[in-house]
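Okay, so here's the structure we're looking at.
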């Protein structure tokens, strides 16, 4: 399998840095599968960049806040084999702006916690992330800005339908994900308590906090502030580049910790100045993306609330969880602070708080600490997977 | 003296809340003094709202980054009397978007640390804050967007000129300020080590950190993103209201701590929802302001660096300080984190770290904790003022 640099392919820029960094930005070079839909073409969301992935047809899917996604398709990939007992499946959920590719490349591996030799690992792209049915790839009047608002709970219902129908799986050995992936993980554990045996929400909460939601809304406003966004009626994401760069600037401030920026840790990723890092890393990450897709995911993020399962009572909803849960915040995360994660952990019966130490802040999820980060993740996940339930 | 509600006068909205909150937003009703300049009229920057204040004429003033402010005037006010030895003067410096009014109303008082019965208290508005010479009140070609870039060091040089010329003061018993006022405090202590006997930078650093500067740049981009900003060529701040509201939204996310927002502490200020708080507190605070003035102050903030006094060597510059210094970060401040303040304190010879405990984050400076906050400030400042130097 030929490997090329993911970032380089997106941006035309070569990235230096250590092996773990290279790994972080390495994508397998594969292609040939057609994209889910056809209307507005954005080459970023393609098999060439994020594949290989398959599509599972859910069919028409009504979402909780009104509206129906026509011909909902979930983009997914699997690693390993489902055993006869069908009890070795692990589900991985994706974060805001992300796809399954990053986890495939960086969180999975032989001998690691998420080991395809031992587990049947299912990675499903959340609705609206650009690979599964999303505003930009949905044709007709129900696409782009008019794509229905989706909730975390809609995602989890669709994923549940897929996993139970397609493979007949009745239990998940583990559900895990970071950030919005953690929000899906929480929803899975509380919504399907008998099915989820273990759960590991990393750097994410069951209920989005007011500050976190307010941050997410500033991202929306950044995109909207670009006149070319035009209420979502643009012909190319490139037109909305100014808005996407504004979003990227906000992520720089809030995504990384003050100390990480102060110590200029971006130098280890191969950047020569904060401006260079902003332009060629942060901007480069966001400007290929579709603004309507991001708008859709941000709407979902702002409203994540497992408490809805119990009429708004978060304690009651988390109290229903039967899974063994490791709550894994990142020590310097300002978007999903340890205190918020710890508060939810205390409400969860069979749970432990496992803080991941990192200087990087929320975006430590991108593995910029390399081995030091992944070793902690693996250590906790191995212990969790070995725990009897 | 008739008292009216400052916020109410600005916004037409009555604010409820406890006495300390009322105090926070109370302005003395005075007027009659003309504003510094005349070109673009903004009633917010007036004697009626922020007075009484006087103007000191510095004359033409060349700034470090090039350009000359014509007829620089500093708006100031004093409380108490200068003694014969001229050794009881305290200087208070202002923060971003702020004027001296807030400190006059909330940080000073008989029997408190900053006691006008004991000290001659001088409050000087920083250049570009809307009362002193600023983009919006400077007539002609050198005003508005073309007003010179100003550095913290320019402010401190101008303040020094004023204080030494006008009163013949050769020593300051204390220099104190919050946020950008702290940045001026640091500059004073390092630039004029023989003159400054004590210094108390509250919630601010000697050198703006990369994250803090990046945040400040997102505020610039928020204003610029409004087409009506038009590169600073607007005829009224009201035209740029959308940009100013975007700025206010960013301050909500970064200014308050996640926990303060989660606990809905804004309810105690009389707001019924986060949207109500955003519109009628945060937006109401920023939309009367002048975008070019804010742009000017933000430029200054982004570049604060006492290290420039020693060729970029911060340790060397702070090592020059002779004042007794209490470094006073706010425990939950994410813009000027305790760690950053503590690092500078360690570089300062005769200094101590005095953390102010507050749930509010950086904007705890606005005294939303009431007595619990001001008592801590007073306790530390009294001890500092009583320390022999």
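Give the number of residues within segment A:216-234 that are farther than 20 Å from residue B:279 by Cβ and either more than 8 Å from chain B (Cβ to nearest Cβ) or in a helix (DSSP H, G or I) (or both). So that I can check it myself, show each step before the final result.
We begin by selecting, within segment A:216-234, every residue farther than 20 Å from residue B:279 by Cβ; these are A:223, A:226-234.
Retained after the next criterion (residues that are either more than 8 Å from chain B (Cβ to nearest Cβ) or in a helix (DSSP H, G or I) (or both)): A:223, A:227-234.
The total comes to 9.
Considering (1) surrounded by fewer than 20 Cβ atoms within 10 Å (Cβ to Cβ); (2) more than 14 Å from every other protein chain (Cβ to nearest Cβ), say which one residue B:120 fails and leave the rest.
In the conditions (1) surrounded by fewer than 20 Cβ atoms within 10 Å (Cβ to Cβ); (2) more than 14 Å from every other protein chain (Cβ to nearest Cβ), residue B:120 misses (1) alone.
Based on this model, can you work out whether residue B:339 counts as surrounded by fewer than 18 Cβ atoms within 10 Å (Cβ to Cβ), within 11 Å of chain A (Cβ to nearest Cβ), touching a helix residue (DSSP H, G or I) at 6+ places or on another chain (Cβ under 7 Å) and modelled with pLDDT of 95 or more? Working first, answer last.
Numbers: surrounded by fewer than 18 Cβ atoms within 10 Å (Cβ to Cβ): yes; within 11 Å of chain A (Cβ to nearest Cβ): yes; touching a helix residue (DSSP H, G or I) at 6+ places or on another chain (Cβ under 7 Å): yes; modelled with pLDDT of 95 or more: yes.
For residue B:339, the condition - surrounded by fewer than 18 Cβ atoms within 10 Å (Cβ to Cβ), within 11 Å of chain A (Cβ to nearest Cβ), touching a helix residue (DSSP H, G or I) at 6+ places or on another chain (Cβ under 7 Å) and modelled with pLDDT of 95 or more - is met.
Inspect all residues belonging to segment B:344-358 and state whether any of them is within 14 Å of chain A (Cβ to nearest Cβ) and surrounded by 21 or more Cβ atoms within 10 Å (Cβ to Cβ).
yes
Restricting attention to segment B:182-215, and to residues there that are part of a helix (DSSP H, G or I) and surrounded by fewer than 24 Cβ atoms within 10 Å (Cβ to Cβ), which single residue is farthest from the other protein chains (Cβ to nearest Cβ)?
Here is the first cut: in segment B:182-215, the ones part of a helix (DSSP H, G or I) are B:182-191, B:210-215.
Filter once more, keeping what is surrounded by fewer than 24 Cβ atoms within 10 Å (Cβ to Cβ): B:191, B:210, B:213-214.
On the way: B:191: 24, B:210: 4, B:213: 8, B:214: 5 Å.
Taking the candidates together, the pick is B:191.
Against the condition within 14 Å of another protein chain (Cβ to nearest Cβ), at pLDDT 95 or above, over 23 Å from residue A:334 (Cβ atoms) and buried (at least 20 other Cβ atoms within 10 Å of the Cβ), how does residue B:308 come out, does it pass? Walk me through how you get there before you give the answer.
Values: within 14 Å of another protein chain (Cβ to nearest Cβ): no; at pLDDT 95 or above: yes; over 23 Å from residue A:334 (Cβ atoms): yes; buried (at least 20 other Cβ atoms within 10 Å of the Cβ): yes.
When the stated conditions are applied, residue B:308 does not pass them.
Here are the criteria: (1) over 19 Å from residue B:244 (Cβ atoms); (2) in a loop (DSSP other than H, G, I, E, B). Tell me which single one residue B:289 does not satisfy.
So the condition that residue B:289 fails would be (1).
Would you confirm whether any residue within segment B:96-108 is in contact with a strand residue (DSSP E or B) (Cβ under 9 Å, 6 or more places away or on another chain) and assigned to a strand (DSSP E or B)?
Yes, because at least one residue in segment B:96-108 is in contact with a strand residue (DSSP E or B) (Cβ under 9 Å, 6 or more places away or on another chain) and assigned to a strand (DSSP E or B).
Any idea how many residues of segment A:173-193 are over 22 Å from residue A:374 (Cβ atoms) and touching a residue at least 40 places away in the same chain (Cβ under 8 Å)?
Step one: filter segment A:173-193 for residues over 22 Å from residue A:374 (Cβ atoms), giving A:186-193.
Then drop every residue that is not touching a residue at least 40 places away in the same chain (Cβ under 8 Å), which leaves A:186-191, A:193.
The number of residues fulfilling the criteria is 7.
Condition check ((1) more than 19 Å from the chain's Cα centre (by Cα); (2) within 19 Å of residue A:186 (Cα to Cα); (3) assigned to a loop (DSSP other than H, G, I, E, B)) across all residues:
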| site | (1), (2), (3) |
| --- | --- |
| A:78 | no, no, no |
| A:87 | yes, no, yes |
| A:111 | yes, no, yes |
| A:118 | yes, no, yes |
| A:122 | no, yes, no |
| A:127 | no, yes, yes |
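So which pairs qualify, if the first residue must be in segment A:44-72 and without any contact (Cβ under 8 Å) to a residue 12 or more places away in the chain, the second must be assigned to a strand (DSSP E or B) and surrounded by fewer than 14 Cβ atoms within 10 Å (Cβ to Cβ), the Cβ gap must be under 7 Å, and the two must be at least 6 apart or on different chains?
The qualifying pairs are A:62/A:68.
Within segment B:148-164, identify whether any single residue is in contact with a strand residue (DSSP E or B) (Cβ under 9 Å, 6 or more places away or on another chain), assigned to a strand (DSSP E or B), surrounded by fewer than 24 Cβ atoms within 10 Å (Cβ to Cβ) and at pLDDT 95 or above, and answer yes or no. Explain how you work it out, then say what you get.
Keep residues of segment B:148-164 that are in contact with a strand residue (DSSP E or B) (Cβ under 9 Å, 6 or more places away or on another chain), which gives B:148, B:150-159, B:161-163.
Going one step further and asking which of them are assigned to a strand (DSSP E or B), we end up with none.
No, segment B:148-164 contains no residue that is in contact with a strand residue (DSSP E or B) (Cβ under 9 Å, 6 or more places away or on another chain), assigned to a strand (DSSP E or B), surrounded by fewer than 24 Cβ atoms within 10 Å (Cβ to Cβ) and at pLDDT 95 or above.
What about residue B:285, is it under 22 Å from the mean Cα position of the chain (by Cα), more than 14 Å from chain A (Cβ to nearest Cβ) and free of Cβ contacts under 8 Å to residues at least 40 places away in the same chain?
Numbers: under 22 Å from the mean Cα position of the chain (by Cα): yes; more than 14 Å from chain A (Cβ to nearest Cβ): yes; free of Cβ contacts under 8 Å to residues at least 40 places away in the same chain: no.
Judged against the criteria, residue B:285 is not a match.
Is it true that residue A:173 is more than 14 Å from every other protein chain (Cβ to nearest Cβ) and either modelled with pLDDT of 95 or more or surrounded by 24 or more Cβ atoms within 10 Å (Cβ to Cβ) (or both)?
yes
Hey, does segment A:376-383 have a residue that's closer than 24 Å to residue A:116 by Cβ, free of Cβ contacts under 8 Å to residues at least 40 places away in the same chain and either surrounded by 24 or more Cβ atoms within 10 Å (Cβ to Cβ) or in contact with a strand residue (DSSP E or B) (Cβ under 6 Å, 6 or more places away or on another chain) (or both)?
Yes, that holds for at least one residue.
Quick one: residue B:278 ticks every box in (1) within 30 Å of residue B:225 (Cβ to Cβ); (2) crowded, with 22+ Cβ neighbours inside 10 Å except a single one, so which number is it?
Going through the list (1) within 30 Å of residue B:225 (Cβ to Cβ); (2) crowded, with 22+ Cβ neighbours inside 10 Å, residue B:278 breaks only (2).
Scan (1) assigned to a helix (DSSP H, G or I); (2) more than 11 Å from chain A (Cβ to nearest Cβ) for the single condition residue B:271 breaks and write down its number.
Result: residue B:271 passes all but (1).
Pairs please, first residue from segment B:249-267 and more than 8 Å from every other protein chain (Cβ to nearest Cβ) and farther than 13 Å from residue B:362 by Cβ, second anywhere and modelled with pLDDT of 95 or more and in a helix (DSSP H, G or I), Cβ atoms under 6 Å, 6+ apart in sequence or on different chains.
These pairs meet every condition: B:266/B:277.
The values are calculated or read from the model by the stated rules, or taken from the named source; none is laboratory data. Just so it is clear, the model here is predicted, and its values are computed rather than measured. Glycine also receives a Cβ, built like all others from the backbone with ideal geometry; neighbour counts cover every protein chain displayed.
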